[in-house]
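Colleague: Sharing a structure below in structure tokens format, with a few things to ask.
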Amino acid sequence: MAKYDLSKPMRIAQFEKRIKALMAKNCFVELREITIRSLSQNNYLHLILSFYGLEFGYSLNYVKRNIFKALINPTMFIVEKVNEKNGEVYKDLLSTSEISKTDMIIAIDRFKDHSAKGGLVLPDPSNLIYLRDIAEEIDMAKRYL
């Protein structure tokens, strides 16, 4: 579902074009206002990972697994497991839901530092306007990701 920031003239024009196209098709539509509010830690993480991927040409999955977990935070996410059928020891990645909120804060801070060193300064979770702009940019680029 596309989102339109109606404080921006270009997005108003795109919104009006979309509305006219839907009206011409006599569609049944839902329209709702999106308010700015704080993001949960997981939503924030996915937003900044997606933005990083968009800026550097990677998929969200690649950024999450290979950069955020394996490269930047390996001690938190890489674990050794044993295959119960053949006894083989292998490395696996934990889910973000398997680490504590405190560890997640540390992991996100490390990712933000890594990103800044690469030239992309990511916003803090409290910067809701910048985060909304990022969400809109990601939404507009989804067809290319």
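Colleague: For the chain, take the longest principal axis of its alpha carbons; what is the angle in degrees between that and the long axis of helix 128-141, to the nearest 10 within 0 to 90?
Modeller: That helix lies at roughly 80 degrees to the long axis.
Colleague: So for the chain, averaging the separation of alpha carbon pairs under 8 Å that are six or more residues apart and normalising by length, what relative contact order in percent results? Don't skip to the end; give the middle numbers.
Modeller: On the way: 101 pairs, mean separation 37.4, N = 145.
Once normalised by length, the contact order is 26 percent.
Colleague: Mind giving me the FRET efficiency for residue 101 and residue 70? R0 is 22 Å, r the Cβ-Cβ distance, nearest 0.05 is fine. Kindly include the intermediate steps, with their values, before the conclusion.
Modeller: Details: r = 21 Å, r/R0 = 0.97.
Efficiency computed from Cβ-Cβ geometry: 0.55.
Colleague: Looking at the chain, which longest stretch skips every one of the trypsin sites (Lys or Arg not before Pro) that is in a DSSP loop with at most 15 other Cβ atoms within 10 Å, leaving the sites themselves out?
Modeller: Values: sites that count: 3, 25, 32, 37, 85.
Between exposed loop sites, the widest span is 86-145.
Colleague: Oh, and also: Once you list every other residue whose beta carbon is under 13 Å from the beta carbon of residue 19, what net charge do they have if Lys and Arg are +1 and Asp and Glu are -1?
Modeller: On the way: positive: 11, 17, 18, 20, 25; negative: 16, 30.
Neighbour charge sum, excluding residue 19 itself: +3.
Colleague: Which entries in the list 69/91; 69/117; 25/142 go over 19 Å, if you measure between the two C-alpha atoms of each? Walk me through the numbers on the way to the answer.
Modeller: On the way: 69/91 13 Å; 69/117 17 Å; 25/142 24 Å.
Beyond 19 Å between Cα atoms: 25/142.
Colleague: Tell me whether the chain comes out rounded, prolate or oblate; compute the Cα gyration tensor, take square roots of the eigenvalues as a ≥ b ≥ c, and use a/c under 1.5 as the rounded threshold.
Modeller: On the way: a/c = 2.62, a/b = 1.96, b/c = 1.34.
Note, shape of the chain comes out prolate.
Colleague: Here's another thing I want to ask about it. How far is the Cα center of region 1-30 from the Cα center of region 69-126, in Å?
Modeller: 39
Colleague: Next question. Taking springs between alpha-carbon atoms closer than 10 angstrom, which of 30, 80, 55 fluctuates most in the Gaussian network model of the chain?
Modeller: 30
Where a number appears in this text, it was derived from the coordinates with a stated rule and is not lab data. Not measured: the values here are computed from a predicted model. Note that we place each Cβ from the backbone using ideal geometry, even for glycine, and neighbour counts take in every protein chain shown.
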